[in-house]
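One structure is given here, and the rest of the page talks about it.
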Ligand SMILES: Nc1nc2c(ncn2[C@@H]2O[C@H](COP(=O)(O)OP(=O)(O)OP(=O)(O)O)[C@@H](O)[C@H]2O)c(=O)[nH]1
Ligand SMILES: [Mg+2]
């Protein structure tokens, strides 16, 4: 379906209307042998429903390599076309990242709106954004997504029709040419930079209070907000829901640990497989808060069959945003569904590594607080740390903290320090002074 060129559009652009979007979705999953299909489909269903659409049908298509023109095979396209009518679907959701051309070709061939995984996640974010910063971030991500799709020219989308993938700035912005989109992107980037500076001031104020920060991270729907509310029950609750990306904004709240120590817990946006890079970029300042934490509380839905894969995704995103080296305590959540008791898992050094709990029933909460206390509280840790000769400044820091109980020289001309200090202080040194994990204190011989 072609329309005539518009005045504001570069003459080179070939324009055509996108079909309107509906809410009755046919899901398409390609099986390239990398994912467990059942898990992938379950997540795609949850994403679709979280976006407010109804799943009317789903199909798995076995294919090693994507077709350059349609992503799925030509034969499958014809089959889908027929099926759309049969099941009454008016929207096709493909659980992969499509190139702009593939998305366009599919829409033309199928005569209905096609949304890929990135577009779907962006749509959910657009619906959820509440805070000023969140809205700016989502708009920026959407515009970047659109800009990449504008290369060969897309005309306006239907502004009247609602539906998945049609919310947010896309509808009207698409009428502008790329230059105007670029201008808007620049403007958003400037505003976000301003908001992020304010946020940085808040962070500095917190740092002055010297309260340890425990950042709750994890895959979306793992139960982060439920746990956060349990931990900080005095205040107003954070929204929790059985939907993906219920939380977009970061919330901070104080509480006491059993030893009397005050800490700040923070709840934030969840991660997901193939988190669109535009979103990671746009949410960088939100995500960066995580890198400032003293401890990451990695909440895992222990009852989810895709638990391992989800944990790996979270670790990858943490690496990506520069939080890969922070101390982590795993919170294996939803043990009520597994029917197993609460417990703390410890490593060879006796340090807590994981806690099994249920945020819903509250079981294991005491264990979690206990483990947090050991990791960020005043609990002391003892060991031997070896520093290289050029790390004299770090050696001085240990002395300033009154943490050194003995010192000798290493063969390499460096320092071997016997240290005894609160875990929290050691964590801070790791973070601020760039100590690497290899310097974990080794227990001293008695
Ligand atoms: N059975 C059970 N359900 C839980 C538990 N903790 C959380 N849930 C449920 O899991 C769903 C997701 O919980 P949230 O706390 O919103 O999860 P989240 O990790 O904050 O998710 P997003 O903010 O969407 O990324 C909700 O339906 C909760 O009721 C638990 O310990 N047991
Ligand atoms: Mg949440």
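The values are calculated or read from the model by the stated rules, or taken from the named source; none is laboratory data. Here the structure is a predicted model, which is why all the values come from computation and not from measurement. Every residue, glycine among them, receives a Cβ derived from its backbone with ideal geometry; neighbour counts consider all protein chains shown.
Just a few scattered comments:
- Options 331, 360: the member that is within 16 Å of ligand 2 (Cβ to nearest atom), assigned to a loop (DSSP other than H, G, I, E, B) and either assigned by TED's automatic domain parsing to the domain that holds residue 260 or surrounded by 13 or more Cβ atoms within 10 Å (Cβ to Cβ) (or both): 360
- Residue satisfying all of: in region 230-246; in contact (Cβ under 8 Å) with a residue 60 or more places away in the chain and within 10 Å of ligand 2 (Cβ to nearest atom); surrounded by the fewest Cβ atoms within 10 Å (Cβ to Cβ) among these: 243
- For region 263-276, the criterion of being farther than 19 Å from residue 122 by Cα and away from ligand 2 (no atom under 16 Å from the Cβ) is satisfied by at least one residue.
- Taking first residues from region 117-138 that are without any contact (Cβ under 8 Å) to a residue 12 or more places away in the chain and partners that are in a loop (DSSP other than H, G, I, E, B), the Cβ contacts under 8 Å between residues at least 6 apart in sequence or on separate chains come to 135/129.
- Count of residues meeting criterion [crowded, with 17+ Cβ neighbours inside 10 Å and either over 24 Å from residue 295 (Cα atoms) or more than 36 Å from the chain's Cα centre (by Cα) (or both)] in region 396-417: 4
- Wholly within region 210-309, strands (runs of 3 or more DSSP E) carrying at least 1 residues that are touching a strand residue (DSSP E or B) at 6+ places or on another chain (Cβ under 7 Å) and closer than 24 Å to residue 36 by Cβ: 213-218, 295-301
- Qualifying residue in region 109-126 (condition: away from ligand 1 (no atom under 16 Å from the Cβ), farther than 16 Å from residue 21 by Cβ and either buried (at least 16 other Cβ atoms within 10 Å of the Cβ) or under 20 Å from the mean Cα position of the chain (by Cα) (or both)): yes
- Annotation: residue 201 fulfils all but one of (1) in the same structural domain as residue 354 (by TED's automatic domain parsing); (2) more than 24 Å from residue 47 (Cα to Cα); the unmet one is (1).
- Among the residues of region 281-295, those that are more than 14 Å from ligand 1 (Cβ to nearest atom) and closer than 19 Å to residue 427 by Cβ comprise 288, 289, 291, 292, 293, 294, 295.
- Of the numbered criteria (1) over 26 Å from residue 370 (Cβ atoms); (2) crowded, with 17+ Cβ neighbours inside 10 Å; (3) within 16 Å of ligand 1 (Cβ to nearest atom), the one residue 301 fails is (1).
- Meets criteria (at pLDDT 90 or above, surrounded by fewer than 20 Cβ atoms within 10 Å (Cβ to Cβ) and in the same structural domain as residue 302 (by TED's automatic domain parsing)) for residue 320: no
- Residue 346 more than 25 Å from the chain's Cα centre (by Cα), surrounded by fewer than 16 Cβ atoms within 10 Å (Cβ to Cβ) and assigned by TED's automatic domain parsing to the domain that holds residue 231: yes
- Answer from 335, 264 - the residue that is without any contact (Cβ under 8 Å) to a residue 60 or more places away in the chain and more than 16 Å from ligand 1 (Cβ to nearest atom): 264
- Residue 338 at pLDDT 85 or above and surrounded by 16 or more Cβ atoms within 10 Å (Cβ to Cβ): no
- Qualifying residue in region 146-157 (condition: out of contact with any helix residue (DSSP H, G or I) (no Cβ under 8 Å at 6 or more places or on another chain), assigned by TED's automatic domain parsing to the domain that holds residue 48 and modelled with pLDDT under 80): yes
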